[in-house]
Amino acid sequence: MFDAAVDEEEVAEAPETRWRTLRDHKRLVMAAGALAVVAMFCGGFVAFGGVSALTGGSAAESAGHGASGAAGADALLDFDDIVVNITETTADGTPAARYLKLHLALVYPESPDAEAKMAEKKPFIRDTFTGFLRQMTVEDLRGSIGLIKLKAELLKRARAVVGDDTPSEILISDLVVQ
């Protein structure tokens, strides 16, 4: 009889104990998630040069590249607006004409040889960019991943035209789809 009373007590407390255990696990999972978010924020902050920005340095110095005068300087090759027609597929599946207006600059290491080479190749780079951009669709340009892919493809084509890795980055100042 004593055993039966103990069993009834355990049965009566079991749902409350389970709830308490679930609540404790829930708190543990939420704390771990919050810690993970803070860790990702701190990692991104450091990865993008946040610490050096706070101390007054540049992102290149924090990455170990150090500013060593003219050897580390970059030059820009600015392109006029590039306007091309691109296609968009409407909801009913018919193609529609759209226009893409793009203003960009090509970054390369500053030196007299590189400047002469880039000035000489500028018309060919622009022609290559125009040909590539005409193949784009509105869906290709959607979101931040579309912008990242666009910059990567343009940089790849600029390097192919120049014949080496002189172009180091593409900077897009305006991108308008109309």
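The values are calculated or read from the model by the stated rules, or taken from the named source; none is laboratory data. Just so we're clear, the structure is a prediction, and the values are computed from it rather than from any experiment. Backbone-built Cβ (ideal geometry, glycine too); neighbour counts: all protein chains shown. What goes into the accessible areas is simple: the full protein's heavy atoms, side chains included, and nothing from ligands, DNA or RNA. Shrake-Rupley method; radii C 1.70, N 1.55, O 1.52, S 1.80 Å.
For the structure I just gave you, tell me whether Val38 is open to solvent by less than 90 Å² (accessible area, probe 1.4 Å), modelled with pLDDT of 95 or more and out of contact with any Phe, Trp or Tyr (no Cβ under 8 Å at 6 or more places or on another chain).
No: the conditions fail for Val38.
Going through region 87-112 one residue at a time, which ones are farther than 14 Å from Leu76 by Cα and outside any strand (DSSP E or B)?
Those that are farther than 14 Å from Leu76 by Cα and outside any strand (DSSP E or B): Thr90, Ala91, Asp92, Gly93, Thr94.
Can you find, within region 121-142, the residue that is farthest from Val107 (Cα to Cα) among those that are open to solvent by 60 Å² or more (accessible area, probe 1.4 Å) and part of a helix (DSSP H, G or I)?
Filtering first and then ranking leaves Glu139.
Give region 87-103 a look and list any residue that's over 13 Å from Phe129 (Cβ atoms) and aliphatic (A, V, I, L, M), or say none.
If the condition is that a residue be over 13 Å from Phe129 (Cβ atoms) and aliphatic (A, V, I, L, M), then Ala91, Ala96, Ala97 are the ones that fit.
Residue under question is Asp80, and the condition is that it be open to solvent by 60 Å² or more (accessible area, probe 1.4 Å) and in a loop (DSSP other than H, G, I, E, B); does it hold?
yes
To keep it simple, each residue is scored yes or no on (1) touching a His at 6+ places or on another chain (Cβ under 6 Å); (2) open to solvent by 30 Å² or more (accessible area, probe 1.4 Å); (3) farther than 26 Å from Gln178 by Cα.
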| site | (1), (2), (3) |
| --- | --- |
| Ala91 | no, yes, no |
| Tyr108 | no, no, yes |
| Asp113 | no, yes, yes |
| Ala116 | no, yes, yes |
| Val161 | no, yes, yes |
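So which residues in region 78-117 are more than 30 Å from Thr166 (Cβ to Cβ) and in contact (Cβ under 8 Å) with a residue 12 or more places away in the chain?
Asn85, Thr87, Glu88, Thr89, Ala97, Arg98, Tyr99, listed by residue number.
Being outside any helix (DSSP H, G or I) and under 17 Å from Phe132 (Cβ atoms) is the filter here; which residues of region 155-168 pass it?
Pro167
From the set of residues in region 93-106 that are over 19 Å from Asp174 (Cα atoms) and among the aliphatic types (A, V, I, L, M), which is surrounded by the fewest Cβ atoms within 10 Å (Cβ to Cβ)?
Ala97
Does region 143-159 hold any residues that are touching a Leu at 6+ places or on another chain (Cβ under 8 Å) and open to solvent by 60 Å² or more (accessible area, probe 1.4 Å), and which are they?
Leu147
Could you say whether any residue in region 125-137 is free of Cβ contacts under 8 Å to residues at least 60 places away in the same chain and at positive phi?
No - not one qualifying residue is present in region 125-137.
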